[in-house]
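S.K.: Submitted below is the structure of interest, expressed as structure tokens.
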């Protein structure tokens, strides 16, 4: 029974993906026939073993009727759960181009209300059909397990499947890359493979010398010295951090977009430092936004971090500027409790806090959460700024705008100049038809234009209150947004540049001359830069570094750009210009790109540049190990020191200055 079930499910996977033409997101190489056969073999064997164990356990109580019935019922339930899980995994793969990972399951479980809502609203028919199929299959399984069932047919089928499994395994296991690829071909394998992936690196004659070691953080006592320096009263700028959501940098005017969607952002950019190669630390919001606020790399273990364990130092903007004597506030369109972000932001410092649950008016349902219309948020933020000006207070304000998040809804009555903007087919966060791409882009640009008007409202409030020149403004986005550049859409699925690159502007005419910075920089560098511009030393908790030398042209080679995902997919990356290495845990694949020569990330240079790949991997592994050691269990260093420093790029990845 297990062999039949496993073989049938695994075969169904391959037929469904082939028949529906469901491309795999983030993949540069197709899954081979050998890898598919191996996946079928492994699933057949695993179900054979699992159901066989159920049978063995049941045989121990076969003499007692009630125990036998209970055993049959338990086996049926377990198989029904397996069928349901497999069906969900296959559905996610067809819809999103990616099988579910451990992080994805954690992501869904932690916000189950949102995902149940999405399923019931957008997939009611599919859900009912799946429930009926599982119920029918469960009844059939229960009847199959009745005593006295003829076993000749079953024995014959098992023999045939066993021979086929052995043959498939013999064909499939042609080498490590083939074995690695099998994890991409079935839901159960992808789920297991995301726990502890097997990497395959090309062999090199001259591998990198011993692995680097991350530098430990400074003693916690240094934080007290910093706090004493920050408390010294002296003139400091106001600070406005504007966080946008899911911004595709190529849709912005100052980054080259032909459509006039962002006149206010472009106007701000014309008098700002424009970081043209800025990167997020993660392509899902719960990690990306908190990394901006804290300058902490959001990788603390192998599981998704939902900020339940907060026994490490965090220094956010309201902590910094409260010590400096400023009034501080967070005014956000989003629900900051999503994925536990609100826990991370509550550091014990007195600050004003307003987000989606604080608003009593009509919210906008994005499918994953209910958010405040951005014009309401912008108006509230502008009023708060005006009140601070009237009181003569110095201030720090974090504003989060959300309407560019999928599904790119904007309030009724707002202009929608780009038409048509209503997709005609399936349209959800996991995926939509490529034939609707132009409509979706129009819909996105309408939302982007709406958000730009709210940025304009914030800037107008500063201008009207004569605070524009005395305010350090940082505008960025939590991550990018994909539109089929590598087969996927929306975000949180890959670490390619369409999702990883972000806008970053720093505006303070009194201190910062407008110019372009092409050096790659990280979100982790924002707060160290803000602190230095405010006349303070860098806080020892920060893992980023100040960009002031880069702005002044004194340093054109900062540390590495670290990125990660622990959501629907699992991945890590390290960028050392022009190189970018991605370790795709979900599929077990590794990619190396030369962004100067291949900005669209289409040519995997892993084999051709094996020495570079080895050096980058050693650095990335060392940093991740240091992160996990610091945050793991009852690590002693967490009680005495700040987080480890980020490793700089290995020397063998450096390019000659003339070719940068």
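The values are calculated or read from the model by the stated rules, or taken from the named source; none is laboratory data. Fair warning: this is a prediction, and the values are worked out from it, not measured in the lab. When we count neighbours, we look across all protein chains shown, and the Cβ atoms used for this are built from the backbone with ideal geometry, even at glycine.
S.K.: Just to be sure before I move on: is residue 272 out of contact with any strand residue (DSSP E or B) (no Cβ under 9 Å at 6 or more places or on another chain) and surrounded by 22 or more Cβ atoms within 10 Å (Cβ to Cβ) in the structure I sent?
M.R.: Taking the combined requirement at face value, the residue does not satisfy it.
S.K.: Further, regarding this structure: Return the only residue of 382, 421 being outside any strand (DSSP E or B), modelled with pLDDT of 95 or more and within 28 Å of residue 496 (Cβ to Cβ).
M.R.: 421
S.K.: Can you list the strands (runs of 3 or more DSSP E) lying wholly within segment 468-562 that have 1 or more residues being within 30 Å of residue 100 (Cβ to Cβ) and in the same structural domain as residue 256 (by TED's automatic domain parsing)?
M.R.: 471-477
S.K.: Residue 118 fails exactly one of the following numbered conditions: (1) modelled with pLDDT under 75; (2) in contact with a strand residue (DSSP E or B) (Cβ under 6 Å, 6 or more places away or on another chain). What is the number of that condition?
M.R.: Going through (1) modelled with pLDDT under 75; (2) in contact with a strand residue (DSSP E or B) (Cβ under 6 Å, 6 or more places away or on another chain) one by one, residue 118 breaks only (2).
S.K.: Is it the case that residue 626 is touching a helix residue (DSSP H, G or I) at 6+ places or on another chain (Cβ under 7 Å) and over 19 Å from residue 482 (Cβ atoms)?
M.R.: Numbers: touching a helix residue (DSSP H, G or I) at 6+ places or on another chain (Cβ under 7 Å): no; over 19 Å from residue 482 (Cβ atoms): yes.
No, not satisfied.
S.K.: Let me ask something else about it. The conditions are (1) surrounded by 22 or more Cβ atoms within 10 Å (Cβ to Cβ); (2) closer than 25 Å to residue 281 by Cα; (3) touching a strand residue (DSSP E or B) at 6+ places or on another chain (Cβ under 7 Å); (4) at pLDDT 95 or above, and residue 472 fails exactly one of them. Which is it?
M.R.: Result: residue 472 fails condition (1) only.
S.K.: Out of everything in segment 541-582 that is out of contact with any helix residue (DSSP H, G or I) (no Cβ under 8 Å at 6 or more places or on another chain) and under 22 Å from residue 631 (Cβ atoms), what residue ends up being surrounded by the most Cβ atoms within 10 Å (Cβ to Cβ)?
M.R.: My answer is 571.
S.K.: Which condition number in (1) in a helix (DSSP H, G or I); (2) at pLDDT below 95 is the one that residue 254 fails?
M.R.: It is condition (2) that residue 254 fails.
S.K.: While we're here: Need the failing condition index for residue 509 against (1) at pLDDT below 95; (2) surrounded by 20 or more Cβ atoms within 10 Å (Cβ to Cβ), just the number.
M.R.: It is condition (2) that residue 509 fails.
S.K.: Scan segment 274-299 residue by residue and report those that are touching a helix residue (DSSP H, G or I) at 6+ places or on another chain (Cβ under 7 Å) and farther than 20 Å from residue 397 by Cβ.
M.R.: 274, 279, 280, 281, 282, 283, 286, 297, 298, 299
Every residue, every condition in (1) buried (at least 21 other Cβ atoms within 10 Å of the Cβ); (2) within 32 Å of the chain's Cα centre (by Cα); (3) part of a helix (DSSP H, G or I); (4) without any contact (Cβ under 8 Å) to a residue 24 or more places away in the chain, yes or no:
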residue	(1), (2), (3), (4)
5	yes, no, yes, no
10	yes, yes, yes, no
15	no, yes, yes, yes
19	no, yes, yes, yes
42	yes, yes, yes, no
46	no, yes, yes, no
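S.K.: If you don't mind, another one. Restricting attention to segment 583-603, and to residues there that are touching a strand residue (DSSP E or B) at 6+ places or on another chain (Cβ under 6 Å) and at pLDDT below 95, which single residue is surrounded by the fewest Cβ atoms within 10 Å (Cβ to Cβ)?
M.R.: Per the stated criteria, the residue is 590.
S.K.: Output the residue which, of all residues in segment 318-338 that are in a loop (DSSP other than H, G, I, E, B) and under 23 Å from the mean Cα position of the chain (by Cα), is farthest from residue 240 (Cα to Cα).
M.R.: Across segment 318-338, the extreme among qualifying residues is 337.
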